[in-house]
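**Student:** One structure, as structure tokens, below. Some questions next.
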Amino acid sequence: MTLPKDKVDVVIVGSGSAGSHFAARLSKAGRRVVALEAGPDIRTEQMVSSMLWARRLKWKGAPVLETGPQPIGYVFNAGWGVGGASIHHYAVWPRMHENDFRVRSLYGRGLDWPIGYSDLQPYYDRVQKECGLSGDSKAEVWRPAGEPYPMGPVASANQGRVVRKGFESLGMKVAPLPMAIATKTYKGRPSCIWDGWCDAGCPTGALANALSVHWPEALAAGATLHPNHQVVRVLTESKGTRASGVEVVTPDGTRTLVMADVVVLAANTVQNARILLASASPEHPHGVGNASGTLGQFVTTHLAAPIFGLHPDKTNPWFGAFGGQFLNQEHYDEKENFSEQGAFGSYQWMIAQAMKPNGLLGMAPSRPDLRGSALKRFMERSTEHMITMTGVVEDLPLAQNRVTLNGKKDDWGVPLATVEHASSPESLALWQAAVDEGLKVFRATGADEVWNAPRAPMHIMGGTIMGTGPNNSVADAYGAVHEVPNLILGGAGLFPTSGGVNPTFTIQALVSMACDRMTGEAPPPSA
Amino acid sequence: MLYASGIGLLSFALGDGHVLLSPRAARAAGVKPRVLSAREEETLAALGERLVPGSRESGVSLYVDQQLAVSLEDCMLMIQYLGVDPPFTPFYRTGLSAINAWAESRHGEKFSELSDTQAESLIDDLSNEKLEGWEGPPQGLFYFVVRNDACDVQYGTQEGFARLNVPYAAHIVPPSEWG
Ligand SMILES: Cc1cc2nc3c(=O)[nH]c(=O)nc-3n(C[C@H](O)[C@H](O)[C@H](O)COP(=O)(O)OP(=O)(O)OC[C@H]3O[C@@H](n4cnc5c(N)ncnc54)[C@H](O)[C@@H]3O)c2cc1C
Ligand code: SF4
């Protein structure tokens, strides 16, 4: 398919979670939409059930240099090709909580969002119907206000039941994990069969992502999608106050322009910042959207706290969804709960994830110290008796954690990104508090061995944060770049704070809110 | 030139042509490595076997060798998300050469010819980053990467799952025994 020669209504950069949703909503509203994706076309047939094949879906574009003591794990945490990281994400979709939006005002640290939970709530409610979420809102006693889930919860099985006992014996609750996974036939998508291959991509469509939900809608409504087209720069008109289109490299290496009334950047957290920095011009000498100097700043990544155990009961840990079976957000709203330990922030537990024998999150790497016959014995026991859960720990936003351009360039002359990241002492202390709690819960299950893995980065947020104005942020709550309002950003780069929940439900809610403004539609009725 | 075929079996050079084989079958058929030298391949197989018993037979060295020859887009090695920039061959090559150099300086033998005690003590030091003057990639990372490659071929295949009595239950069955 050739690129349009004339001006279109909307050009979208990136075809993942955010980009596909923009494409669906805007094309259904009658806009002429063209989407440009740097990576290849990905079809469900390529989602081979294998932890080795799964690695073909990871980031394969220009290298990102990572510095600082807690690197962001870019390649693991980013996707490449049509659908982006959404096609190998695990679909754990909790909402952010009210205090996540007001961290600065409530606690005097971090940042505030320019909107509150109540602004986003109707969009969470709308998105959960559109994408199909499963869960039990009543059992989630900590859940902020919102409509019940449209589907009943994910299956609980041996592993989940064993870990639940640990929580309950300490007087703590668990609830079914809220997931963008169908537990019954939903809008033509089949129910999950709990085989745990989500990391390799769910080819059945049970898991909501760009390929199963938004691209079919967008393409049916006339949007065009161009894989293998890398955008190198955003163009602005002579005064620099309006975006006029993008410069793109086509599969044969030709550079061309796609002109549009509206430009949407949804190329992931790091690449959005990189493209804006690399689009510097006389009107925007430090990068587009960088009047405040915050472009690139406040990158956050959740600190994952993986806990493992071996339990005498048969747990069959390979069964279920990769994201898990249960959720605990016991202390979520008490960001100062562990202040005596120097900790600050929120965390949640994703409980009883399905595990495969191999792969970075698999059984074998959980005990890297074992080898030879000891490893063999461990593997034979683990496959029947392992239990696991992962803490998702908030990372305080710091200005020095940032995306910058470095002296190296990619094949098209675009400077490469460096991402520096060092978690604050408060976030590191919170991670430790979470680990201590996790180990205690696992001991309380009656497990005979309990251990934790080192800290790992999980999800990438910030870098193009939203705020109240061009003096403190890159964009407004609708993703519109303050200085260039027809340039719209999508994705977790907009998050001023990370919270302690997985980001994609919030990404989707923000896209939905932005689309309402772009199309002039009224907000959903519950607003 | 080696390449991964559309259906996923690996293409190995055998005689004058290329055949599609799994690494285990390639090993049985006497396929020679194309990126690594024979000595590097032997060292990798010996190290893999010490870390994950059975992985030599499952073809860990030919799997890594074949993967080093494909494009990044087709690459399945775990190293790609462990903070090492492609190409990955220098990582493996310098690590394998360094472990051999240590084996020779300590015991006057190639790594693959060390006794159990000699090899185990060298691996202990490698995994604990105690080999002073080591001239390869970070020791702990090298250990972790090779161990994971060996786990991939030994436990991450349909055969490996069966070995552990784990139902494979694929949506889309990997087209090769190791996939
Ligand atoms: C293993 C894993 C598990 C996860 N599990 C969860 C989970 O359970 N719950 C949750 O909430 N989140 C999860 N996530 C995070 C989730 O995948 C992301 O939040 C989400 O995909 C981000 O959406 P996005 O549109 O910003 O980026 P993506 O979905 O990654 O899409 C960005 C797209 O832009 C393309 N692109 C990049 N540069 C350019 C360019 N210059 N020109 C054109 N195109 C470009 C990329 O190739 C990519 O396709 C997980 C992520 C990973 C990696
Ligand atoms: S476990 Fe469910 S969501 Fe995951 S890949 Fe299988 S069917 Fe899809």
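**Student:** Suppose we filter A:Ser373, A:Ser366 for residues that are surrounded by fewer than 22 Cβ atoms within 10 Å (Cβ to Cβ), within 14 Å of chain B (Cβ to nearest Cβ) and without any contact (Cβ under 8 Å) to a residue 40 or more places away in the chain; which single one remains?
**Tutor:** A:Ser373
**Student:** Within the bounds of region A:337-355, is there any residue that is assigned to a strand (DSSP E or B), crowded, with 24+ Cβ neighbours inside 10 Å and touching a His at 6+ places or on another chain (Cβ under 7 Å)?
**Tutor:** No, every residue in region A:337-355 fails to be assigned to a strand (DSSP E or B), crowded, with 24+ Cβ neighbours inside 10 Å and touching a His at 6+ places or on another chain (Cβ under 7 Å).
**Student:** Is it the case, given these coordinates, that A:Val246 is in contact with a helix residue (DSSP H, G or I) (Cβ under 8 Å, 6 or more places away or on another chain) and crowded, with 18+ Cβ neighbours inside 10 Å?
**Tutor:** Taking the combined requirement at face value, the residue does not satisfy it.
**Student:** Out of (1) in contact with a strand residue (DSSP E or B) (Cβ under 9 Å, 6 or more places away or on another chain); (2) surrounded by fewer than 23 Cβ atoms within 10 Å (Cβ to Cβ), what's the single condition that is false for A:Ser118?
**Tutor:** Going through (1) in contact with a strand residue (DSSP E or B) (Cβ under 9 Å, 6 or more places away or on another chain); (2) surrounded by fewer than 23 Cβ atoms within 10 Å (Cβ to Cβ) one by one, A:Ser118 breaks only (1).
**Student:** Does A:Asn486 satisfy being more than 16 Å from ligand 1 (Cβ to nearest atom), touching a residue at least 12 places away in the same chain (Cβ under 8 Å) and not in a helix (DSSP H, G or I)?
**Tutor:** Values: more than 16 Å from ligand 1 (Cβ to nearest atom): yes; touching a residue at least 12 places away in the same chain (Cβ under 8 Å): yes; not in a helix (DSSP H, G or I): yes.
When the stated conditions are applied, A:Asn486 passes them.
**Student:** Something else: Could you check how many residues of region A:85-103 are more than 16 Å from ligand 1 (Cβ to nearest atom) and in contact with a strand residue (DSSP E or B) (Cβ under 8 Å, 6 or more places away or on another chain)?
**Tutor:** Total satisfying the criteria: 3.
**Student:** Got at least one residue in region A:232-254 being on the phi > 0 side of the Ramachandran plot, part of a loop (DSSP other than H, G, I, E, B) and modelled with pLDDT under 95?
**Tutor:** Checked against the condition, which is being on the phi > 0 side of the Ramachandran plot, part of a loop (DSSP other than H, G, I, E, B) and modelled with pLDDT under 95, region A:232-254 yields at least one hit.
**Student:** Go over the candidates A:Glu449, A:Glu394, A:Glu384 one by one and state the one that is more than 30 Å from A:Gly253 (Cβ to Cβ) and surrounded by 19 or more Cβ atoms within 10 Å (Cβ to Cβ).
**Tutor:** That would be A:Glu394, the only listed residue that is more than 30 Å from A:Gly253 (Cβ to Cβ) and surrounded by 19 or more Cβ atoms within 10 Å (Cβ to Cβ).
Listed here are the residues, each with its yes/no results for (1) over 15 Å from the mean Cα position of the chain (by Cα); (2) part of a loop (DSSP other than H, G, I, E, B).
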position	(1), (2)
A:Pro71	yes, yes
A:Ile87	no, no
A:Arg104	yes, no
A:Pro114	yes, yes
A:Tyr123	yes, no
A:Arg126	yes, no
A:Ala139	yes, yes
A:Ala145	yes, yes
A:Pro153	yes, yes
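**Student:** A follow-up question, please. It is to be established whether one or more residues within region B:40-52 are in contact with a Phe, Trp or Tyr (Cβ under 9 Å, 6 or more places away or on another chain), part of a loop (DSSP other than H, G, I, E, B) and farther than 28 Å from A:Pro40 by Cβ.
**Tutor:** yes
**Student:** Same structure, new question: I'm told B:Leu96 meets every condition in (1) under 30 Å from A:Ile42 (Cα atoms); (2) away from chain A (no Cβ under 11 Å); (3) touching an Asp or Glu at 6+ places or on another chain (Cβ under 7 Å) except one. Can you identify the failing condition by its number?
**Tutor:** Every condition holds for B:Leu96 apart from (1).
**Student:** If you take the residues of region A:423-442 that are surrounded by fewer than 16 Cβ atoms within 10 Å (Cβ to Cβ) and touching a residue at least 12 places away in the same chain (Cβ under 8 Å), which of them is farthest from the chain's Cα centre (by Cα)?
**Tutor:** In this case the residue turns out to be A:Lys440.
**Student:** Another question, if that's okay. Write out, first by first residue and then by second, each pair whose Cβ atoms fall under 6 Å of each other, whose residues are 6+ apart or on separate chains, and whose first residue, in region A:68-84, is more than 8 Å from chain B (Cβ to nearest Cβ) while the second is of a type in the set (A, V, I, L, M) and within 16 Å of ligand 2 (Cβ to nearest atom).
**Tutor:** Pairs that qualify, where the first residue is more than 8 Å from chain B (Cβ to nearest Cβ) and the partner is of a type in the set (A, V, I, L, M) and within 16 Å of ligand 2 (Cβ to nearest atom), are A:Ala78/A:Ala85; A:Gly79/A:Ala85; A:Gly81/A:Ile42; A:Val82/A:Ile42; A:Gly83/A:Ile42; A:Gly83/A:Ala210; A:Gly83/A:Leu211.
**Student:** Which of the following residues is at pLDDT below 95 and charged (D, E, K, R): A:Arg104, A:Arg126, A:Arg56?
**Tutor:** On the way: A:Arg104 fails: at pLDDT below 95; A:Arg126 fails: at pLDDT below 95.
Checking each option against the conditions leaves just A:Arg56.
**Student:** With the structure loaded, tell me whether A:Gly205 is within 14 Å of another protein chain (Cβ to nearest Cβ), part of a loop (DSSP other than H, G, I, E, B) and within 16 Å of ligand 1 (Cβ to nearest atom) or whether it fails that test.
**Tutor:** The answer is no for A:Gly205.
**Student:** Could you check region A:9-45 and list, in sequence order, the residues that are within 16 Å of ligand 1 (Cβ to nearest atom) and part of a strand (DSSP E or B)?
**Tutor:** Matches in region A:9-45: A:Val10, A:Val11, A:Ile12, A:Val13, A:Val33, A:Val34, A:Ala35, A:Leu36.
**Student:** A further question on this structure: I'm told B:Pro86 meets every condition in (1) out of contact with any strand residue (DSSP E or B) (no Cβ under 7 Å at 6 or more places or on another chain); (2) part of a helix (DSSP H, G or I); (3) not small (Gly, Ala, Ser) except one. Can you identify the failing condition by its number?
**Tutor:** Of the numbered conditions (1) out of contact with any strand residue (DSSP E or B) (no Cβ under 7 Å at 6 or more places or on another chain); (2) part of a helix (DSSP H, G or I); (3) not small (Gly, Ala, Ser), the odd one out for B:Pro86 is (2).
**Student:** Restricting to region B:136-179, what's the tally of residues that are farther than 18 Å from B:Leu44 by Cα, in contact with an Asp or Glu (Cβ under 7 Å, 6 or more places away or on another chain) and more than 9 Å from chain A (Cβ to nearest Cβ)?
**Tutor:** Total meeting the criteria: 2.
**Student:** Filter region A:168-219 for residues that are crowded, with 24+ Cβ neighbours inside 10 Å and of a type in the set (Ser, Thr, Tyr) and give the result.
**Tutor:** Scanning region A:168-219 gives a single hit, A:Ser212.
**Student:** Further, regarding this structure: Can you tell me how many residues within region B:154-175 are buried (at least 20 other Cβ atoms within 10 Å of the Cβ) and outside any loop (DSSP other than H, G, I, E, B)?
**Tutor:** 4
**Student:** Restricting the search to region B:137-153, which residues are surrounded by 22 or more Cβ atoms within 10 Å (Cβ to Cβ) and among the small types (Gly, Ala, Ser)?
**Tutor:** B:Ala150
**Student:** I'd like the residue in region A:184-202 that is of a type outside the set (D, E, K, R) and within 16 Å of ligand 1 (Cβ to nearest atom) and, out of all such residues, is farthest from A:Lys138 (Cα to Cα).
**Tutor:** This residue is A:Ala200.
**Student:** Give me a count of the residues in region A:175-202 that are assigned to a loop (DSSP other than H, G, I, E, B), touching a Gly at 6+ places or on another chain (Cβ under 6 Å) and away from ligand 2 (no atom under 13 Å from the Cβ).
**Tutor:** Total meeting the criteria: 1.
**Student:** Please verify whether region B:52-65 includes one or more residues that are under 19 Å from B:Ala98 (Cβ atoms), of a type outside the set (A, V, I, L, M, F, W, C) and at pLDDT 95 or above.
**Tutor:** Yes, because at least one residue in region B:52-65 is under 19 Å from B:Ala98 (Cβ atoms), of a type outside the set (A, V, I, L, M, F, W, C) and at pLDDT 95 or above.
**Student:** Right, here's the next one. Within region A:361-381, track down each residue that is touching a Pro at 6+ places or on another chain (Cβ under 7 Å) and part of a helix (DSSP H, G or I). Steps first, answer last, please.
**Tutor:** So the first thing to find is which residues in region A:361-381 are touching a Pro at 6+ places or on another chain (Cβ under 7 Å), and the list is A:363-364, A:372-373, A:376, A:379.
Within region A:361-381, A:Ala364, A:Gly372, A:Ser373, A:Lys376, A:Met379 meet the criteria.
**Student:** Right, something else. Among the residues of region A:4-56, how many are within 16 Å of ligand 2 (Cβ to nearest atom), more than 9 Å from chain B (Cβ to nearest Cβ) and surrounded by 23 or more Cβ atoms within 10 Å (Cβ to Cβ)?
**Tutor:** Residues meeting the conditions: 2.
The values are calculated or read from the model by the stated rules, or taken from the named source; none is laboratory data. Here the structure is a predicted model, which means the values were calculated and not measured. So basically every Cβ, Gly included, is an ideal-geometry build from the backbone, and we count neighbours across all protein chains shown.
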